[in-house]
Structure formats: structure tokens, C-alpha cells
2 protein chains.
Amino acid sequence: MSFMNFSKTTEYAFRILSYMAMDERKLYISRDIHKDLQIPFRYLRKQLTSLSKSELIHSVQGKNGGYMISKPLENISLLDIMDAVGDNSLESSCFFGFQTCALKEKCTMHTKWALVLKSIKDVLTTTSLSELKESGPHSFISNNNLLFTKN
Amino acid sequence: MSFMNFSKTTEYAFRILSYMAMDERKLYISRDIHKDLQIPFRYLRKQLTSLSKSELIHSVQGKNGGYMISKPLENISLLDIMDAVGDNSLESSCFFGFQTCALKEKCTMHTKWALVLKSIKDVLTTTSLSELKESGPHSFISNNNLLFTKN
DNA sequence: CATAAATGACACCTCGGGGTATTATTAAGC
DNA sequence: GCTTAATAATACCCCGAGGTGTCATTTATG
């Protein structure tokens with residue numbers, strides 16, 4: 001029983017992108033990303049090729065290939081990353097989960113919850129990879145020096 | 001692809017409790033709750049018996065039985081309801097989903113996200129059923145007059 | 001041009017949240 | 001005390017997010 005947190009896929013995307021933000025000109029290979037980010041290798045691979053179809057990163061095939069960020073870091077927000085993985089869970093909707101709620105104005109929770117969602121969205125919109133590069137979790141990782149314990 | 005919203009189970013619990021808040025002295029039967037709340041009947045039954053094991057509502061068995069709220073409305077917050085269904089997804093944790101993050105202070109998102117979670121938690125803690133009784137979605141439902149369209 | 005080292009494509013598996021079916025139990029009321 | 005109308009218990013099913021396995025493709029380099 002849980003939720004009200006991000007999906008694994010979204011989490012992984014956050015990890016990957018903020019990791020690659022460490023050096024925006026570097027070609028990262030999946031093996032290394034996997035090593036540092038604790039994402040199941042095959043699933044990571046799947047997600048990387050999927051992300052490569054977005055505007056955020058691109059891939060280089062063949063030997064010495066890899067993945068690189070495609071845009072200036074300050075132009076990639078956390079919300080952009082959610083978009084890239086198709087996570088649109090911040091669309092404001094009825095707090096009680098009714099598909100068509102007839103009480104948009106009258107129900108207390110409607111306005112209360114819209115405000116909450118807006119504040120979340122604000123944080124995710126205003127936080128860009130350039131900020132995470134400075135003080136994100138991955139700014140401290142050196143390739144063979146893992147700061148996060150497994151599991 | 002979604003999430004960052006409540007689980008169905010939590011949503012249903014919100015619906016059920018705010019519905020029963022309409023009349024805190026009434027014994028509600030599952031059939032009627034089902035009619036008005038668009039929750040699959042069997043699943044609703046399951047959830048009602050499960051909720052009956054919490055402090056929030058109790059059941060009366062046998063003919064003319066049903067379910068009734070157990071505590072004063074002002075003593076039941078939305079967070080209490082989440083607790084009752086075992087939804088603890090608001091425990092603050094690492095934004096990137098790392099089980100053990102070594103960077104509690106240093107990572108930008110750590111503090112940012114803790115604040116977001118706190119503001120959500122505040123809303124859910126300060127909103128009680130008494131408030132929803134006044135202006136919640138169910139305050140407008142009369143038994144045969146459904147304000148919410150199906151599906 | 002053969003090999004190695006990288007990504008791409010695609011099919012499959014697993015597990016748990018959400019949902020269903022069936023039978024048992026409780027208690028009112030004629 | 002039989003019937004009826006309610007809840008309780010239990011076992012099962014389904015589907016999609018998350019995860020795995022295998023083979024194909026691309027490209028650098030000796």
C-alpha cells in the first residue's frame with residue numbers, strides 16, 4: 001500500500017538525467033550509469049533508448065557509443081523529464097478521483113488540492129539540471145566511489 | 001504511466017468516509033454506498049470490512065446492519081484515513097528513491113522535497129471530516145440524486 | 001574484414017493492486 | 001425457528017508497471 005510518490009520509471013529518469021548532468025559533454029555508457037545508479041541493467045537500457053527518442057538526450061551507436069544530454073542544462077527542468085517519460089500525473093483532477101466532478105467550485109478539497117498540485121508543479125518546473133549539477137546527489141559520485149548503499 | 005496521485009484504495013476510503021460524514025449517526029449499508037460512490041461493489045465490501053477494523057468506523061452485523069462512523073467528525077483527518085488503509089506514502093524519503101541517501105543535507109532536492117511533502121501533509125492533517133461535511137462533494141448527494149456522472 | 005563494444009528491437013516473465021465469486025456468519029422479525 | 005437481509009472470510013482472477021533474455025544492428029579499430 002503506497003503511492004503519492006513517483007513511479008520507478010520517473011525516479012529512474014530523474015536519477016539518470018541528473019547523473020548525466022555531471023558532465024554535459026560526456027558520452028555516458030549504460031554500464032557505468034548502471035554501476036552508479038542502482039537501476040536494473042536491462043531496464044536501464046530500455047529506458048535509455050526510450051529517453052533517446054525525447055529531446056533530452058541522444059544516443060551514439062557502435063563502439064565507443066553512449067548517451068549524451070542534448071540541451072543546455074538550464075533548459076531541462078524536472079517537469080520536462082516527467083514529460084519525457086510520459087508521466088502526467090500532476091494534471092490537476094478531482095481529489096476524490098471522480099472523473100467528472102460536478103462540484104468544481106463548491107467542494108473544499110477542489111481548491112485546496114489544486115493549490116497543492118500547483119506548488120508541486122512549481123518546484124518541479126523551477127528546478128533545472130543546472131541546479132542539480134551544483135548540489136544534486138550525483139555531483140558527489142566519482143565513478144568507483146559509490147555514495148549510496150545498495151538496496 | 002502516472003502516479004503522484006493517491007491509490008484507488010486511498011481514494012475510495014476518502015470517498016467512503018466523507019460520504020458517511022453526511023450523517024454521523026446513520027448506519028449506512030454497502031448497497032447504498034455503492035450506488036452513490038461508483039466503487040465496485042465487491043471491492044467496496046472488502047474495503048468496508050477492512051475499515052471496520054480501524055478506529056474510524058464500525059460495523060453492525062445481521063439484518064438492518066451496516067456501517068457507522070465511530071468518532072467525532074472533527075477527530076478524523078484525511079491523514080487518519082490514509083493511516084487506516086495503510087497508506088504511508090507521505091513518509092519523507094529521498095527524492096530520487098535511494099533507500100539510503102548519504103546526502104541528506106547537501107542535495108538540493110532533499111530539503112526542497114521535504115518542504116513539499118510537509119505542505120501536503122499539513123493539508124491532509126488539518127482537513128477533517130467535519131469540514132468535508134460542510135463543503136465536501138458528498139454533502140450534496142441525496143440518495144437517488146447522483147451528482148457525479150458514471151465513468 | 002573480423003572482432004569487439006556499444007545501442008536497438010522485441011518477446012517474455014513476475015508480482016501486487018485492484019477486482020470478482022462463493023460460502024459462512026450474524027441477527028431481526030414474522 | 002425459518003427466512004431474510006445484512007456483513008465476514010476466503011480464495012481466486014486480471015492487468016500493467018517493472019524487470020529479464022535473446023538476438024540484431026551499428027561503428028571503431030587492428
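Tabulated values for the structure
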quantity	calculated
Odd one out for B:Gln61 among (1) in contact (Cβ under 8 Å) with a residue 24 or more places away in the chain; (2) near DNA strand C (Cβ under 10 Å from one of its atoms)	(1)
Single match in A:Met82, A:Met68 (criterion: more than 8 Å from chain B (Cβ to nearest Cβ), part of a helix (DSSP H, G or I) and surrounded by 14 or more Cβ atoms within 10 Å (Cβ to Cβ))	A:Met82
Filter pass, B:Ser59 being open to solvent by 20 Å² or more (accessible area, probe 1.4 Å) and either modelled with pLDDT of 95 or more or in contact with a Ser or Thr (Cβ under 7 Å, 6 or more places away or on another chain) (or both)	yes
Odd one out for A:Cys94, checked against (1) more than 7 Å from chain B (Cβ to nearest Cβ); (2) outside any loop (DSSP other than H, G, I, E, B); (3) among the hydrophobic types (A, V, I, L, M, F, W, C)	(2)
Cβ pairs under 6 Å, 6+ apart, first in region B:98-110 and farther than 15 Å from A:Asp36 by Cβ, second open to solvent by 60 Å² or more (accessible area, probe 1.4 Å)	B:His110/B:Lys104
Residues of region A:1-24 that turn out to be assigned to a helix (DSSP H, G or I) and surrounded by 15 or more Cβ atoms within 10 Å (Cβ to Cβ), as a count	12
Top-ranked residue of region A:25-46 - restricted to ones that are free of Cβ contacts under 8 Å to residues at least 12 places away in the same chain and not in a loop (DSSP other than H, G, I, E, B), ranked as nearest to DNA strand D (Cβ to nearest atom)	A:Arg42
Selection status of A:Val123, within 11 Å of chain B (Cβ to nearest Cβ), over 15 Å from the mean Cα position of the chain (by Cα) and either in a loop (DSSP other than H, G, I, E, B) or away from DNA strand C (no atom under 14 Å from the Cβ) (or both)	no
Test for B:Ile16: is it within 16 Å of DNA strand C (Cβ to nearest atom) and more than 7 Å from chain A (Cβ to nearest Cβ)	yes
Selected residue [under 18 Å from A:Ser70 (Cβ atoms) and open to solvent by less than 10 Å² (accessible area, probe 1.4 Å)] from A:Leu37, A:Leu27, A:Leu48	A:Leu48
Scan of region B:85-120 for residues that are of a type outside the set (A, V, I, L, M), open to solvent by less than 40 Å² (accessible area, probe 1.4 Å) and under 18 Å from A:Val116 (Cα atoms), ordered by number	B:Ser89, B:Phe95, B:Trp113
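The values are calculated or read from the model by the stated rules, or taken from the named source; none is laboratory data. Nothing here was measured: the structure is a model prediction, and the numbers come from that model. Please note: Cβ atoms are built from the backbone with ideal geometry, for glycine as well, and neighbour counts cover all protein chains shown. For accessibility, only protein heavy atoms count, side chains too; no ligands or nucleic acids. Shrake-Rupley method; radii C 1.70, N 1.55, O 1.52, S 1.80 Å.
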